[in-house]
Amino acid sequence: MTAPYRKVLVAIDCSDESADVLSRAAGVLEGIEGELHLIHVIEPLALAYGADVPMDVTDLQSGLVKQARDTALDYARQYRINEDRIHVELGSIEKTILDKADQMGADLIVVGSHTRSGLALLLGSTARGLVPGAHCDVLAVKMHKKA
């Protein structure tokens with residue numbers, strides 16, 4: 001029998017679906033002593049749009065980080081996650097999540113997974129991108145489109 005998960009890193013995108021992902025992650029730790037960590041990664045605008053961003057986006061990016069942190073704090077309060085276990089970072093989404101999981105010694109990464117079609121299917125999802133590089137288990141919580 002395998003040991004239960006003790007350190008769970010939950011990757012959220014700060015959308016309404018984040019609550020579903022957090023709920024599933026909290027369920028994994030139900031009844032056992034463990035740590036739930038929350039991460040939200042913001043891709044730097046220069047990375048997302050190429051290095052040729054024609055203006056200084058420092059203030060805009062700082063605003064995005066603050067807004068994401070506030071949203072992450074709201075979710076964290078609902079699940080009694082300590083503030084020192086909330087990570088809002090700038091970087092490549094998959095790499096930053098994997099690096100954080102390694103740094104904290106996570107034994108599970110939980111992330112939402114959407115049904116994709118068209119270009120999104122070709123490009124793949126964060127959940128699919130995490131699996132090959134992860135040094136721990138990855139749980140992809142299937143998100144369904146709300147009618």
Long-range neighbours under 8 Å by Cβ, at least six apart or interchain, first residue without any contact (Cβ under 8 Å) to a residue 40 or more places away in the chain and of a type outside the set (A, V, I, L, M, F, W, C) within the stretch 85-96, second buried (at least 16 other Cβ atoms within 10 Å of the Cβ) and in a helix (DSSP H, G or I): 94/126; 94/129; 94/130
Members of the stretch 55-113 found to be among the β-branched types (Val, Ile, Thr), more than 19 Å from residue 17 (Cβ to Cβ) and not in a helix (DSSP H, G or I), listed by number: 57
Conditions (1) under 23 Å from residue 128 (Cα atoms); (2) among the polar types (S, T, N, Q); (3) loosely packed, with under 15 Cβ neighbours inside 10 Å; (4) at pLDDT below 90; number of the one not met by residue 113: (3)
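Here is a yes/no grid of residues against (1) free of Cβ contacts under 8 Å to residues at least 24 places away in the same chain; (2) in contact with a Gly (Cβ under 7 Å, 6 or more places away or on another chain); (3) closer than 22 Å to residue 96 by Cα:
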{"residue": "2", "(1), (2), (3)": "yes, no, no"}
{"residue": "5", "(1), (2), (3)": "no, yes, yes"}
{"residue": "18", "(1), (2), (3)": "no, no, yes"}
{"residue": "24", "(1), (2), (3)": "no, no, yes"}
{"residue": "27", "(1), (2), (3)": "yes, no, no"}
{"residue": "32", "(1), (2), (3)": "no, no, no"}
{"residue": "38", "(1), (2), (3)": "no, no, yes"}
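The values are calculated or read from the model by the stated rules, or taken from the named source; none is laboratory data. Remember, predicted model here, so these are calculated numbers, not experimental data. Quick reminder, even Gly has a Cβ in these numbers, built from the backbone with ideal geometry, and neighbours come from all protein chains shown.
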